[in-house]
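Remarks on the structure that follows.
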Amino acid sequence: YQINGFVARDQTTNEAEIQIGPFGAAVNFAHTPFEATDPFNWLPYARKVEARGTPRSNLIFDVAFGKSGYKLYYDIQEESFDKPTTYNRTTLLLTGANIPHISDFNFWTLNANMTYLPTSFLGGNHQFKVGYYLGRRDNAGGRQVSQAGDYSLMFDTVNGVPNTPIEIETRNAPVDPTEWDDGYSFYGMDQWRVASRLTLNLGLRWDGQHSFGPAQSREAGAFAAAADFPRVDVYKSHRLAPRGALAWDIARRNSSVLKFTYGRFIPEQSLAGDFNKNGSFTTEYRWHDLNGDKKYQPGEVDLSTTPGSPDFISTTSPANNILNPDLKLPYVHEVTLAFEQGLSSSTAVRGLYLYRINKSQTASVNILRPYSAYNIPITRTDPGRDGVLNTGDDGGKVTIW
């Protein structure tokens, strides 16, 4: 009998880290001063305990339980505490404070299996194995309140006037969402040596998943009211996944072997976060800088998101996601056929054919923006490699729908 334990912990800190900017813009280091970077503190960890043994000469067991994950803290630079995030769509310059947030990911696993080698059973030699697997993903962490303000301001060149205020992106800080994705399996297999030239591996898995968001609450923020959210069951189902393999010594000399495998695989999916109404989100509005000071003040934006709101543009809120009641987990069929030929005691060649097909694939579709909505042609001139119009490398006309 043997008991093993394992513990690991690490820490990484950095004074500056570039993140994705506001309004979904990918930031470039050349356009990002130090004040707009995020200092971060990353704390990954892993720990495990395992017990295994052979209570009989033909019986082996192995049980392992572990937990791993990380905590990741993004902060803002000291000189940016009173500077809201700003982004210029013309110059691509990102200034002010970046977005403080916390990421907290935990993954629990339990693996238990037992192997039995019977002295005699249905002819040939057998090696039976049964087991259980449980994996749980806990995604938590969200946005913190920023002293500089829970919003980002966008500027652009309008009618030839540079640095003109045009949009504001608000954030629902503080928010700390939690969602769970559980995967579990029972499985059994038999490695059956039918004869000296033929071996079969036969197996069957019962795979299941349960994705849900527990009941949770959100505190009131500058741009989001306090709210309570009930438990949401996103997905719960299970399927059978058979596996099989064959190895055949064709020439009786262990030098020419034909191998065949088939497997159905059901990978675990992270689904709960897409339907957590307590998730982090941003909302974009048109911004009217009424006093011309290029700073946001309450009253300069209609913060309503109802249809017909004059300033509302878009939102990333998961509260708008509609769960498909017929949702099924994707799965994979895989078949391989291989031939191995020994040429000498130290050299062999192998040819292998693999066929894989993915079934029940999923995607997110914006049902309020159907393909038929892309019906307005806009013609623009390609500015060429330098990105500037009316220069020698300009291309032709491009139509955008």
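The values are calculated or read from the model by the stated rules, or taken from the named source; none is laboratory data. Since we're looking at a predicted model, the values are computed, not measured. All Cβ positions, glycine included, derive from the backbone under ideal geometry; neighbour counts span all protein chains shown. Accessible surface areas use protein heavy atoms only, side chains included; no ligands, DNA or RNA. Shrake-Rupley method; radii C 1.70, N 1.55, O 1.52, S 1.80 Å.
Just check the stretch 309-393 against the gyration tensor rule for me: Cα atoms, a ≥ b ≥ c as the square roots of the eigenvalues, rounded for a/c under 1.5, and otherwise prolate or oblate depending on whether a/b exceeds b/c. Oblate, since a/c reaches 1.5 and b/c is not below a/b.
In the stretch 1-143, carbon and sulfur make up what percent of the accessible area (probe 1.4 Å)?
57
When the Cα positions of 217, 285, 330 are compared along the charge dipole of the chain, 330 comes out farthest toward the positive end, with charges on each C-beta of Lys, Arg, Asp and Glu. Positive contributions from Lys and Arg (+1) and negative ones from Asp and Glu (-1), summed over other residues with Cβ under 13 Å from the Cβ of residue 153, come out at -2. With the simple spin-label model, which puts each label point 7 Å out from Cα in the Cβ direction, the residue 319 to residue 161 separation comes to 3.4 nm.
If Lys and Arg each add +1 and Asp and Glu each add -1, what is the summed charge of the other residues whose beta carbon sits under 10 Å from the beta carbon of residue 352? Net local charge, residue 352 excluded: +1.
Here the accessible area is traced with a 1.4 Å probe on the protein chains. For the stretch 325-381, carbon and sulfur cover 55 percent of it.
The residue 372 and residue 309 beta-carbon pair, evaluated with R₀ = 30 Å, returns a calculated FRET efficiency of approximately 0.80.
For the peptides 177-186, 123-132, the ranking by mean Cβ contacts within 10 Å, running from highest to lowest, is 177-186, 123-132.
With contacts taken as Cα pairs under 8 Å and at least 6 residues apart, the stretch 50-175 reaches a relative contact order of 26 percent.
Anisotropy class assigned to the chain is prolate, per the alpha carbon gyration tensor with a/c at or over the 1.5 cut-off and a/b larger than b/c.
Between the stretch 325-341 and the stretch 62-105, how far is it from one alpha carbon centroid to the other, in angstrom? One Cα centre to the other: 38 Å.
Which whole-number percentage describes the relative contact order of the chain, with Cα contacts under 8 Å and a sequence gap of 6 or more?
Across the chain, relative contact order equals 10 percent.
Give me the 1.4 Å probe accessible area per residue for the chain, excluding ligands and nucleic acids, in Å².
Computed with neighbouring chains in place, this is 59 Å² per residue.
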